[in-house]
Amino acid sequence: MTAKNQQKQSALKNMTTIDLSNWRFSFGGSLPQFDRTNHYKAPEIIEIKTPIELLLRLADDDAHDSGFQGHIQERLKNDSAAKKWHSQRTRIGGTTHFKLYRKNPHYDLYHAAARAIAAGSATREQQSLVCGLDGEIAASQVLVPPGQVLFHGRGDLNLHTSPPYPSFVSTSLDPVVCIYHAVKRRLQKDSSAKAVIYALTLRDPLPALWGNGGGLKEWELLLQTKLTCSAIKTHPGTRFDIVEATIGY
């Protein structure tokens, strides 16, 4: 086993999956001081077992986005596995490429460069951008274990219809973040485009850059280029479609 593989195996031993199932959401209801009085109103309790059930609920209900997100982010903030991932993260300020990637217009430049490499038309500068960011991801001590579910939002189905996907894959542990980005990408395309949320289950351990830092609390995990996504099932929704899929090398 090479030193690189030994390092990867060591990192993987320190990583456990973050559970995104068995949710219990509470909406509305009276303040605690009204308990046992005639003015008490019980909160609405919504119990959701799986990530797909959560997405199906969000796809047809936009009235509680902020409420759902508040519950999701509070649970992630207190999750022991998420705390471990956070402690092993690469500091954003210590990176060259990831720090730039997170800011417009550099975000689009990195994706355009990755597509140019796939098309065989990349300049030396574009090759440097992609190799640099791919290298920073590969060096990350956050090695997401197989079986972990991550969410990804976009305005098309290209993640699985053109394997391997040529560009970087920005994912999140928070599906509401992905809904925002999917709607944004759809609006950037045309009126006939449909927002899409992928529920991705990892087939392989994948290095990722942890982007939940500074003032941006998006629970982002950026994956490398040239991964292969395989769709399992599509669920049509009112606000967005859902694609159950796996992703790996």
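Is it true that some residue in region 55-71 is under 17 Å from the mean Cα position of the chain (by Cα) and within 18 Å of Gln148 (Cβ to Cβ)?
yes
So Ile92 fits all but one of (1) among the hydrophobic types (A, V, I, L, M, F, W, C); (2) farther than 21 Å from Leu227 by Cβ; (3) modelled with pLDDT of 95 or more; what number is the exception?
With (1) among the hydrophobic types (A, V, I, L, M, F, W, C); (2) farther than 21 Å from Leu227 by Cβ; (3) modelled with pLDDT of 95 or more applied to Ile92, the lone miss is (3).
For region 56-83, give me each residue that is under 23 Å from Thr16 (Cβ atoms) and either of a type in the set (A, V, I, L, M) or surrounded by 15 or more Cβ atoms within 10 Å (Cβ to Cβ) (or both). Can you show your working first?
Pass one, region 56-83, residues under 23 Å from Thr16 (Cβ atoms): 71-83.
Selection gives His71, Ile72, Gln73, Arg75, Leu76, Asp79, Ala81, Ala82.
Name every residue in region 1-42 that is touching a strand residue (DSSP E or B) at 6+ places or on another chain (Cβ under 9 Å), assigned to a loop (DSSP other than H, G, I, E, B) and modelled with pLDDT under 80, in order of residue number.
Of everything in region 1-42, those that are touching a strand residue (DSSP E or B) at 6+ places or on another chain (Cβ under 9 Å), assigned to a loop (DSSP other than H, G, I, E, B) and modelled with pLDDT under 80 turn out to be Asn14, Gly28, Gly29.
Considering only region 142-244, give the strands (runs of 3 or more DSSP E) lying wholly within it that have at least 1 residues that are open to solvent by 10 Å² or more (accessible area, probe 1.4 Å) and over 25 Å from Phe68 (Cβ atoms).
On the way: elements: 149-154, 169-172, 196-202, 220-223, 228-235.
Filter on region 142-244 gives 228-235.
Listed residues Ile46, Ile52; which is modelled with pLDDT under 95, open to solvent by less than 40 Å² (accessible area, probe 1.4 Å) and within 29 Å of Leu200 (Cβ to Cβ)? Spell out how you get there, then give the answer.
Values: Ile52 fails: modelled with pLDDT under 95.
The conditions single out Ile46.
The values are calculated or read from the model by the stated rules, or taken from the named source; none is laboratory data. All values derive from a computational prediction rather than experimental measurement. Please note: Cβ atoms are built from the backbone with ideal geometry, for glycine as well, and neighbour counts cover all protein chains shown. For accessibility, only protein heavy atoms count, side chains too; no ligands or nucleic acids. Shrake-Rupley method; radii C 1.70, N 1.55, O 1.52, S 1.80 Å.
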